[in-house]
Amino acid sequence: MQIRFSTIQHWVPELELSAYEVADVLTHKSYEVDEVTYLGEQWNHMVVGYVESVEEHPDADNLRVAIVDVGESESRRIVCGADNLQEGLYVPVAKEGAVLPDGTEIESRTIRGEQSYGMICSANELQVRGKETGIKVLSEEHEPGTSLATVFGDEDYILEIDTTAFGPRASDSMSYYGVSREIANLTGKELKTPERTVPEESGSYTIKRDPELCKRYLTLEATTVSHLVMPRLRDIGELSNSPLVDLSNYVMEETGQPVHIFDARKLSGSQITIRTAEPGEEFEALGEQKLVLTEEDIVIADEEKVIALAGVIGGENSKVDEYTDSIVVESAQFNSAYVQRTARRLNLLTDAAKRFEKGLPVESARMGIERVAWYLEQMQQFVVKEGDARMDVSEFSWHLEQERLSLGGITDDGSTETEHEPVSLSSPQVRSYLGINIEDERIQQYLEQIECTVTNTNDGGFWGGSSEPAEFEVTPPYYRLDLTTPEELIEEVGRLYGYDEIPAETSHISLKVAEKNPFYEFCKQFRYSLKALGYNEVHTYPYASEGEVKLQNPVSAEAPFMRSTLRPGMRRAVQKNNRYTKEVRLFEIAAVFFSDMEHTHVSMYITPNANHIAKTLQAIRTHLHTVLQELSVNEEQVHITQHTPGEITIYYDEIELGAYSAQDGILELSVTKLYEAAEFQQPQFEELPTYPAVKRDITLSVAPDLSIETLDTLFQQYRKQRNVCRRTEYMDVYYADTYKNVTFHLEYRSADHSLTDEEVNTEVQRLVEAIQNEIDAEWV
Amino acid sequence: MQHIIENIRTEFQQAKQEGHSAQELWQTFLSRNGKISQAFEQITEVDESERKAFGQNLNALKDEIYQEIQELKSQEQSYQEPIEILPISADAIQEERGHISIISQTIYEMQNIFERLGFSVVQGRQMETEWYNFDALNIPAGHPARDMWDTVWVQDTTETEHGTLMRTHTSPVQIRHMEEHKPPYRIIAPGPVYRYEATDATHETVFHQMEGLMVDETTNIATFKGVMETFFRYLFDEEIEIRLRPSYFPFTEPSFEIDLKWPESDEWLEVFGAGMVHKQVLKNVGVNPQYQGFAFGMGIERIIMLKYGITDIRHFHSADLGFIQQF
């Protein structure tokens, strides 16, 4: 919402704060002001000039030289080509440094040999209203040198308040008057009472109203001219081409109360009904929008038809137009929950709906209609002043001749006062919540500052002088519909006291030991282990082209699912980084989604070795092995199989964890499944060896189709049988046409003596024989 | 046989004088086929009565030579010429250093600080029900406050009372935790959240939050300020100032925006929202409203962007090593 600073000054005449100070106070005490914009910026270096005399240009027939007083010690010589330039005129002058709306920068320059110190501007050049040709002529009311910001009413600021920042305060503050009232309450300055016109209660309409839907409904009748001029229009920005629409918009912005104006001649009968719509009832809203309504919508109907969707939008069938000469103004209170649902279901969150859905007090409905009446009266008397609305008198002078407006009566049906339940608030509660030692009197004072009625029910009764803490009964002012609980009142006390004044306190916090979340820590350690192995963590988008969890409103049409695998995301990450020529190592640990659960997966990638993919798989598998060791997982339970060439499945025990695909070089595992299946083992201390280990490398020649994995398993089985064999480890392979030679590294050590060569030889011999019992292998 | 020992000693000293290296001396005297071993092999030729003395003397000589070779070796190792100092190069090490994303790093840093203050990590679901994400937090269907969160909705395959969605904030974790545990509470819940948004430099469809909840019988706004001030001073290692402004969230009352100011700056930066847990929220999960405390939700990316001067939030999901390896 935008509000002019001059408007706040209008409602709080004694205000001593600047626009920026007002923004600061609101931001700290009430709601955030996003931005303050100085409107005069555009008029920098542009002032009123008085043409003292006009000389011919010595060198050009169509140019003249004006001697202009711009409020400086010396008058300026300015070259000008306009026909209407003459002595004694007040004109707008752009001095050097000024920037015209079209971006032209003004500097003093020579025009046909004559130095020109600035430029006299036309209405077009300034983009203000006025005749299209010649220089803009200003009224005589401003002294030479006065900034054009003053002349055009732009010596002003706009405060921009994000409407979501209001929260429930939108119900009292989403208006010029509401924000001004807040400022008045915060600064203790008086708030001006709005001028109102109170028409006679002689309206010709009868209202049929369900109080559940609508607590108060008012109409005002008037006959009017079709072209009125609305004062203070500039406040609301975009104008419509109907002054009546502008009027209703303005009153809504000003008071927060939406009002709607019907063309009286388009209404049938004298009864207006407020009811819920029939299921399937059709309605054509303004802008020729055809709507289908439900029982959850409130409609306004005359004796024949629906004329408005209550609180949301008017009807095409009853709207004012250029031929309208009599009107019915509606101002009402509607059930906010209905308006909320209707506006959202139909996607019609109009400015009116935004206000009704936050709830409005019934008093506001009366204020709205009386302000409309007052403005209607003003409009017939209104004289367009030069500059005031950036309009040219000449364009509107004919309006002033016609004063045909006459106000009719009003109908006012329903409750006239908001009934607030008093809220109980104990002062210890305030102190305990805010964490400050605020006195009872001060609490009461703050609540009264925002117009609450406060009584202390614990003031000692007859005897007086009680030292008991205060128990307040607090009745908020009619317009504060949001103050219904003690905590809301505590917030009021807190913000008026000032959150900055509340000390930062940690001394009373009790000691507590944080508990570890085992799975969370597991994932954390997983990340750190991969980092240590040179992997880089990526985050990829969680939306996928296929999956089990389909989205109703996907953020991208190509990815309507939540991912159930990290693989496609990792493929994109790989592509993204393929410009890095070196080997790339990436991983991601993130959630994947299935119809009935979500799991955590890990994906890992190393740039494949194009010549030897087996090496890459070996590396990634070794990395996984290392990670599992760091995670204290018994990794002997990990098995891998290759059902399809290039697709390597990884199991823990019998549980399938995931797979490595040679196609994309990505290993993907379920961290959740691994964690659930994992057997964790604490390190076991073993006495350090006293006797040296003896190392041997042996090479076995085997059939080319015998997998090294099988051979490795045989070695490990053997190792488990022979205590003295401490280690067997695959080292290398040599491929020949009809066989392959596989080298293993062996280590032998005894706990009680140094092994002799003979002993080790026997052990190796025994190992080879054991393996030869299982497979065809030759020791080479 | 004593002369054998003396001969070896003399030969050793001679060889040493002649400038043989420690390696050569080792080879000649101490190796498996060296002179000492050979002398031991001759022990059978020694008169039985002298064998013991011979063995002892030979062993003593072996130790003596061993000591001298060690000394020589350490002398040899003191360099005469300076070593060439080569520039830093990734090729010098087998493995390049890996990186944890700055998001994970920051979450873990935050966790460390909060754990010292007694906050435990709690995890929730990312695919949530409407109830936990909204209703239980005082945001029933149709409530205008729902506009504050643009929601990615999941297509429900079965008729359910409450819809399914991708959580728009980490706050549902609070609700689930409070339902399952008795107060007092001191938890944090980091993790991804989802929004239906058009992405630009400051908006993403997925980002991370750190939820916090501290509820007991005395926690108040002063406690909140104390905890936050402590937290940010540890996180940024600077005398960060913290400021509370009134704000609105349906699940806290009062609600705040928290602004931070760095010591060298004049500018207050809006960082996150927080507030005292709404009594109705406590009632919704069956917690006695005599308990009170605060909750907050910090945008992780927002804090990282402030800390490092990053201006485009889309970097975080770009998976670009150029970005990742900077941290």
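Scan segment A:403-441 residue by residue and report those that are of a type in the set (Lys, Arg), within 21 Å of A:Thr475 (Cα to Cα) and surrounded by fewer than 15 Cβ atoms within 10 Å (Cβ to Cβ). If the condition is that a residue be of a type in the set (Lys, Arg), within 21 Å of A:Thr475 (Cα to Cα) and surrounded by fewer than 15 Cβ atoms within 10 Å (Cβ to Cβ), then no residue fits.
Every residue in segment B:205-217 that is β-branched (Val, Ile, Thr) and in contact (Cβ under 8 Å) with a residue 60 or more places away in the chain, please. Please lay out each step first, then the result.
In the first step, residues of segment B:205-217 are kept if they are β-branched (Val, Ile, Thr); the result is B:205-206, B:215.
The answer is B:Val206, B:Val215.
Restricting the first member to segment B:97-114 and to residues that are within 7 Å of chain A (Cβ to nearest Cβ) and closer than 19 Å to B:Ile187 by Cα, and the second to residues that are at pLDDT 95 or above and surrounded by fewer than 21 Cβ atoms within 10 Å (Cβ to Cβ), the beta-carbon pairs closer than 7 Å and six or more apart or on different chains are B:Tyr108/A:Lys524. Residue pairs whose Cβ atoms lie under 9 Å apart, sitting 6 or more positions apart in sequence or on different chains, and linking a residue in segment B:177-204 that is closer than 18 Å to B:Ile103 by Cβ to a partner that is among the basic types (Lys, Arg) and buried (at least 18 other Cβ atoms within 10 Å of the Cβ), are B:Gly191/B:Arg167; B:Pro192/B:Arg167; B:Val193/B:Arg167; B:Tyr194/B:Arg167; B:Thr202/B:Arg302; B:His203/B:Arg195; B:Glu204/B:Arg195.
Which residues, counting only those in segment B:293-327, are part of a strand (DSSP E or B) and within 12 Å of another protein chain (Cβ to nearest Cβ)?
Residues satisfying the conditions are B:Gly293, B:Phe294.
Residues of segment A:647-664 that are in contact with a helix residue (DSSP H, G or I) (Cβ under 8 Å, 6 or more places away or on another chain) and not in a strand (DSSP E or B): A:Asp653, A:Ala662, A:Asp664. Scanning segment A:573-593 for residues that are more than 7 Å from every other protein chain (Cβ to nearest Cβ) and under 29 Å from the mean Cα position of the chain (by Cα) turns up A:Glu588, A:Ile589, A:Ala590, A:Val592. Restricting attention to segment A:486-520 and to residues that are more than 8 Å from chain B (Cβ to nearest Cβ) and among the acidic types (Asp, Glu), the residue that is surrounded by the fewest Cβ atoms within 10 Å (Cβ to Cβ) turns out to be A:Glu501.
Here segment A:530-541 is the region considered, the condition is being touching a residue at least 40 places away in the same chain (Cβ under 8 Å) and surrounded by 20 or more Cβ atoms within 10 Å (Cβ to Cβ), and the residue that is farthest from A:Ile589 (Cα to Cα) is A:Leu533.
For segment A:278-316, a residue qualifies if it is in a loop (DSSP other than H, G, I, E, B), hydrophobic (A, V, I, L, M, F, W, C) and either without any contact (Cβ under 8 Å) to a residue 60 or more places away in the chain or closer than 12 Å to A:Phe262 by Cβ (or both), and the qualifying residues are A:Leu286, A:Leu293, A:Val312.
Cβ separations smaller than 9 Å between residues 6+ apart or across chains give the following pairs from segment B:157-175 residues that are over 17 Å from B:Gln209 (Cα atoms) to residues that are of a type in the set (Gly, Ala, Ser): B:Thr157/A:Ser595; B:His162/B:Ala141; B:Gly163/B:Ala141.
Of the residues making up segment A:401-454, those that are free of Cβ contacts under 8 Å to residues at least 60 places away in the same chain, within 14 Å of chain B (Cβ to nearest Cβ) and assigned to a loop (DSSP other than H, G, I, E, B) number 2. Test A:Asp172 against the stated conditions and say whether it is within 14 Å of chain B (Cβ to nearest Cβ), charged (D, E, K, R) and touching a Pro at 6+ places or on another chain (Cβ under 9 Å). Yes: the conditions hold for A:Asp172. Only one entry in A:Thr690, A:Thr672 is β-branched (Val, Ile, Thr), surrounded by fewer than 16 Cβ atoms within 10 Å (Cβ to Cβ) and more than 19 Å from A:Gln618 (Cβ to Cβ), namely A:Thr690. Apart from one condition, A:Glu473 fits all of (1) out of contact with any Gly (no Cβ under 7 Å at 6 or more places or on another chain); (2) of a type in the set (Asp, Glu); (3) facing chain B (nearest Cβ under 10 Å); the exception is (3). Listed conditions (1) more than 8 Å from chain A (Cβ to nearest Cβ); (2) surrounded by fewer than 22 Cβ atoms within 10 Å (Cβ to Cβ) are all met by B:Asp147, apart from (1). Of the listed requirements (1) part of a strand (DSSP E or B); (2) within 9 Å of chain A (Cβ to nearest Cβ), B:Val215 misses just one: (2).
Among the residues of segment A:594-620, the ones that are within 20 Å of A:Glu537 (Cα to Cα), part of a strand (DSSP E or B) and within 12 Å of another protein chain (Cβ to nearest Cβ) come to 6 in all.
Give A:Leu218, A:Leu186 a once-over and let me know the one that is modelled with pLDDT of 80 or more, outside any loop (DSSP other than H, G, I, E, B) and surrounded by 21 or more Cβ atoms within 10 Å (Cβ to Cβ).
Checking each option against the conditions leaves just A:Leu218.
Taking segment B:188-222 as the range and being within 20 Å of A:Pro503 (Cβ to Cβ) and in contact with a His (Cβ under 7 Å, 6 or more places away or on another chain) as the test, only B:Thr218 passes. Hey, does segment B:228-248 have a residue that's more than 8 Å from every other protein chain (Cβ to nearest Cβ), of a type in the set (D, E, K, R) and crowded, with 19+ Cβ neighbours inside 10 Å? The answer is no, given that none of the residues of segment B:228-248 is more than 8 Å from every other protein chain (Cβ to nearest Cβ), of a type in the set (D, E, K, R) and crowded, with 19+ Cβ neighbours inside 10 Å. Scan segment B:211-219 and tell me whether some residue there is at positive phi and surrounded by fewer than 21 Cβ atoms within 10 Å (Cβ to Cβ). Taking every residue of segment B:211-219 in turn, none turns out to be at positive phi and surrounded by fewer than 21 Cβ atoms within 10 Å (Cβ to Cβ).
For every residue, the table says whether it meets (1) β-branched (Val, Ile, Thr); (2) touching a helix residue (DSSP H, G or I) at 6+ places or on another chain (Cβ under 8 Å).
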position	(1), (2)
A:Arg563	no, yes
A:Gly569	no, no
A:Asn578	no, no
A:Val584	yes, yes
A:Phe594	no, no
A:His599	no, yes
A:Ser603	no, yes
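Residues of segment A:731-768 that are of a type in the set (Asp, Glu) and within 18 Å of A:Asp697 (Cβ to Cβ): A:Asp732, A:Glu747, A:Asp757, A:Glu759, A:Glu763. Of the residues in segment A:163-182, at least one is free of Cβ contacts under 8 Å to residues at least 40 places away in the same chain and either part of a helix (DSSP H, G or I) or of a type in the set (Lys, Arg) (or both). Do we find that B:Asp135 is surrounded by fewer than 18 Cβ atoms within 10 Å (Cβ to Cβ) and more than 9 Å from every other protein chain (Cβ to nearest Cβ) in this structure? Criteria met by B:Asp135.
When each of B:Val152, B:Val121 is tested for being facing chain A (nearest Cβ under 7 Å), under 30 Å from A:Thr506 (Cα atoms), in contact (Cβ under 8 Å) with a residue 12 or more places away in the chain and in contact with a strand residue (DSSP E or B) (Cβ under 7 Å, 6 or more places away or on another chain), the lone residue that passes is B:Val121.
If you check A:Val68, A:Val48, A:Val99, A:Val93 for being surrounded by 15 or more Cβ atoms within 10 Å (Cβ to Cβ), touching a residue at least 24 places away in the same chain (Cβ under 8 Å) and more than 21 Å from A:Ser139 (Cα to Cα), only one passes: A:Val99.
The values are calculated or read from the model by the stated rules, or taken from the named source; none is laboratory data. Note that the coordinates shown come from a computational prediction; the quantities given were computed from them, not determined experimentally. Neighbour counts run over all protein chains shown; Cβ positions are idealised from the backbone, glycine included.
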